Amino acid sequence: MRRSFDLNPVVQAQLKAFSEVNSAIEFSQLEFFEVFSIYSISNGLLTEDVDPFKVHLQGDEFGIDGVSILIQGELCTNSDEVASALQSGKNHSVEFSLYQAKTSENANYGEMAKFFDGAYCFFEGTFLNPSKQLQDTIDAKDAVYSAALKRNPSLKLFYATTGKGDISCLIQKLIDATIARLSDLNIFDDVEIK
């Protein structure tokens, strides 16, 4: 794997190992970094067993690298999978997670604002020119909300950077405003940004 951007040596080694295990997939180092970030968050932090390649949005979607919809812990990538998952049982647990990964040394206000705007447009239904893959995910989201759920889904937004992750006062205000903006849609049980 050719090194095209600087990373922490530990992250670089983990990314190299991840890309070698998945060598049959032809991705750039940046695309592997995006998928690796999704993998690390979903299978590590969230302890969910999801295929990060199914969550990753290929191409250049506005501010969003990946979207997962988990129903009872099962990944759903289109409206048919949502319908199937909601068919059995009651009191379904639904969780949306959106991902953005950057190789910058610190959190970037502009990049975070773009991610948060993309997430808002995804849920508000105003996302402009989505790819077919993102449109399938939007249709899956719409299928969730057309079901008679007893409880609203939860939402988690993950912004990953290779730096320390220090949050400035200005970025914290952006995070707080975004949580309020998404909460005001009244379609989530809770909203978290990490």
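The values are calculated or read from the model by the stated rules, or taken from the named source; none is laboratory data. Keep in mind the model is a prediction, meaning the values are calculated, not measured. Don't worry about glycine lacking a Cβ; one is built from the backbone with ideal geometry, like all the others, and counts go over all protein chains shown. All accessible areas refer to the heavy atoms of the entire protein, side chains included, with ligands and DNA or RNA removed. Shrake-Rupley method; radii C 1.70, N 1.55, O 1.52, S 1.80 Å.
Here are the numbers:
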{"read-out": "Helix 132-146 vs. the chain, principal-axis angle (Cα, 0 to 90°, nearest 10)", "value": "40"}
{"read-out": "Mean ellipticity per residue at 222 nm, deg cm²/dmol - from DSSP H runs of n ≥ 4 across the chain, formula -39500 (n - 2.57)", "value": "-13000 deg cm²/dmol"}
{"read-out": "Share of carbon and sulfur in the accessible heavy-atom surface of the chain [1.4 Å probe, %]", "value": "46"}
{"read-out": "Rounded to 10°, Cα long-axis angle of helix 109-124 versus longest principal axis of the chain", "value": "20"}
{"read-out": "Within the stretch 42-86, backbone nitrogen closer than 11 Å to the virtual label 7 Å beyond the Cα of N22 toward Cβ", "value": "51-58"}
{"read-out": "Tilt relative to the chain, helix 9-21 - C-alpha long axis, 0 to 90 degrees, to 10", "value": "70"}
{"read-out": "Cα-centre dipole for the chain with unit charges at Cβ (Lys and Arg positive, Asp and Glu negative), debye to 20", "value": "300"}
{"read-out": "Sites matching GluC sites (Glu not before Pro) across the stretch 16-104 that sit in DSSP coil, with at most 11 neighbouring C-beta atoms within 10 Å", "value": "E26"}
{"read-out": "Surface accessible to a 1.4 Å probe, per residue, for the residues of the stretch 84-194, Å²", "value": "52"}
{"read-out": "Leading residue at positive end of dipole, the chain (Cβ point charges), from L45, I167, Y145", "value": "I167"}
{"read-out": "Note, ³J(HN,Hα) from phi for the stretch 51-68, Karplus 6.51, -1.76, 1.60, rounded to Hz, x at Gly and Pro", "value": "7, x, 6, 7, 7, 5, 8, 6, x, 10, 6, 5, x, 10, 8, x, 9, 10"}
{"read-out": "Listed residues K16, K102, K132, most fluctuating in the chain (Gaussian network, C-alpha, under 10 Å)", "value": "K132"}
{"read-out": "Estimated vicinal HN-Hα couplings, Hz - the stretch 75-90 in sequence order (Karplus 6.51, -1.76, 1.60; Gly, Pro = x)", "value": "6, 10, 10, 8, 5, 5, 5, 5, 4, 5, 5, 7, 5, 9, x, 9"}
{"read-out": "Top positive-direction residue, dipole computed over the chain with Cβ charges, set A17, V82, S68", "value": "A17"}
{"read-out": "HN-Hα J in Hz across the stretch 31-38 - Karplus 6.51, -1.76, 1.60, θ = phi - 60°, x for Gly and Pro", "value": "5, 4, 4, 4, 5, 4, 4, 4"}
